[in-house]
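Notes for the one structure printed next.
Laboratory data are not the source of any read-out in this text; all were calculated from the coordinates shown. These numbers come from a predicted model, not from an experiment. Positions of Cβ are backbone-derived with ideal geometry, glycine not excepted, and every protein chain shown enters the neighbour counts.
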Amino acid sequence: MPIHHLKGIALVVCATLCFALLDTTSQYVGPLVPVIMAVWMRYVVQTVMTTALLWPQQGLKLLQMHSPIQQLGRGLLMLLSSATAFMALQHIPVGEFTAIMMLIPLVVTLLAALMLREHVSATTWVLVGLGMLGALIVIRPQGSDFHGALLLPFVLVFINAGYQILTSFMVKTEDPGSMHFYTGLIGLAGCTMILPWAWAPMADPMLWALAALLGVFGSLGHYLLIQAYNNAPASRLTPYMYAQIAFATLAGWMVFGHTPDVWTIIGIALIATCGVMGARLKHK
């Protein structure tokens with residue numbers, strides 16, 4: 001295996017660790033910090049970090065864009081994704097939440113077939129169906145235990161799938177660094193407009209520090225992911241994205257003492273297997 005492919009794999013595994021820590025921190029601060037304040041703090045830190053990391057390399061090139069409308073749409077989708085994820089994590093353990101998020105590549109395939117009329121094999125349709133079944137096993141809504149918040153991860157999967165489809169169009173004309181920069185900037189602008197109605201005092205400095213960590217983990221994770229794809233193709237990296245499930249499950253056990261039961265593990269394994277097989281079929 002070429003050395004740059006190994007570097008890409010190492011970078012993508014580090015990115016998944018950052019995303020797992022982002023979700024774990026979101027679950028921890030969720031009951032303590034209003035959602036808009038937490039997401040706003042994330043985007044403040046993300047915008048500052050992105051500028052600090054990319055400006056020395058790109059300079060004014062970082063500000064260039066070819067499609068302002070697409071940049072705005074992508075930024076708003078990420079903002080909606082961040083807020084939905086923050087709310088969903090108040091109801092679902094971080095490991096199970098992460099496993100459901102791994103449905104995104106399969107749903108991207110589904111939407112590409114329905115919206116873009118792309119050909120999808122019968123095997124891929126079966127994998128999509130089995131992946132959804134795995135997610136239902138993870139959630140396992142039962143009678144009075146069911147509430148609408150359990151549907152938030154599924155809503156989030158489709159939001160992120162739309163985000164990825166839009167990104168796949170934009171990478172043909174837009175610089176990845178600029179896309180990352182404007183995503184943070186648009187999220188920050190959107191949160192800032194809502195912030196006066198959502199502001200609540202936080203006397204504990206630790207809460208501010210934890211909210212800032214959301215931006216650190218999010219920005220660093222996306223930066224590492226960009227660098228990973230600069231070193232190795234998606235077909236090589238995709239299977240390693242599922243390391244995020246292991247990291248998130250471990251973090252959920254260490255921070256919250258949550259241990260998945262046997263059925264949850266079966267559901268997670270089904271989602272991961274279908275995702276990896278779907279990635280292999282897509283890149284053959």
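Which value at 222 nm does the chain reach when only helices count, each DSSP H run of 4 or more adding -39,500 (n - 2.57), with the total divided by all residues and rounded to the nearest 500 deg cm²/dmol?
Value at 222 nm, helices only: -26000 deg cm²/dmol.
Rounded, prolate or oblate: pick one for the stretch 1-96, where a ≥ b ≥ c are the square roots of the eigenvalues of its C-alpha gyration tensor, a/c under 1.5 means rounded, and failing that, prolate if a/b is larger than b/c, else oblate.
oblate
Using Cβ counts within 10 Å as a stand-in for footprinting exposure, how do Arg42, Arg74, Arg140, Arg236 rank, fewest first?
Least to most surrounded, the residues fall as Arg140, Arg236, Arg74, Arg42.
From the phi of every residue in the stretch 39-51, what ³J(HN,Hα) in whole Hz does the Karplus formula 6.51 cos²θ - 1.76 cosθ + 1.60 yield, where θ is phi - 60° and glycine or proline is x?
Going residue by residue, I get 5, 4, 4, 4, 6, 4, 5, 4, 5, 5, 5, 4, 4 Hz, with x marking Gly and Pro.
If you build a Gaussian network model of the chain, linking Cα atoms that sit under 10 Å apart, which residue out of Ala269, Ala228, Ala88 swings the most?
Ala269
Taking amide H atoms as placed 1.01 Å from N in the peptide plane, list the residues 5 or more away in sequence, or in a different chain, whose amide H sits under 5 Å from that of Ile92.
Here the answer is none, since no amide H 5 or more places off falls under 5 Å of that of Ile92.
Take every Cα pair under 8 Å in the chain that's 6+ residues apart, average their separations, divide by the length, and report that relative contact order as a whole percent. Each step should come with its number before you reach the end.
On the way: 377 pairs, mean separation 131.0, N = 284.
Relative contact order here is 46 percent.
Among Leu151, Ser67, Val13, which residue has its Cα furthest toward the positive end of the charge dipole of the chain, with +1 on Lys/Arg Cβ and -1 on Asp/Glu Cβ?
Checking the options against the dipole of the chain, the answer is Ser67.
Using θ = phi - 60° and the Karplus form 6.51 cos²θ - 1.76 cosθ + 1.60, what ³J(HN,Hα) does each residue of the stretch 179-191 get, whole Hz, x for Gly and Pro?
These are the phi-based 3J(HN,Hα) values: 4, 5, 5, 6, 4, x, 5, 5, x, 5, 5, x, 5 Hz.
If eta is 1.567 mPa s and T is 4 °C, what Stokes-Einstein diffusion coefficient results for the chain, Kirkwood Rh from Cα pairs, in µm²/s?
In µm²/s, the coefficient is 67.
For Thr192 and Leu72, calculate 0.36 nm times their separation in residues minus their Cα-Cα distance, and state this gained length in nm to one decimal. Before the final figure, lay out the partial values.
Working: separation 120, 0.36 × 120 = 43.20 nm, distance 1.54 nm.
Here the answer is 41.7 nm.
Measure off 7 Å from each Cα along the Cα-to-Cβ vector at Phe169 and Leu133, then give the distance between these two points in nanometres to one decimal.
3.4
Place a +1 charge on the Cβ of each Lys and Arg in the chain and a -1 charge on the Cβ of each Asp and Glu, then give the dipole magnitude about the Cα centre in debye, rounded to the nearest 20.
Charge dipole of the chain: 720 debye, to the nearest 20.
Using DSSP loop states and a limit of at most 14 other Cβ atoms within 10 Å to flag chymotrypsin sites (Phe, Trp or Tyr not before Pro), what is the longest stretch of the chain containing no flagged site? Numbers along the way, then the final one.
Working: sites that count: Phe146, Trp199.
That would be 1-145.
Name the residue farthest towards the positive end of the dipole of the chain from the options Thr51, Ala38, Pro93, assuming +1 on Cβ of Lys and Arg, -1 on Cβ of Asp and Glu, about the Cα centre.
Most positive-ward Cα: Thr51.
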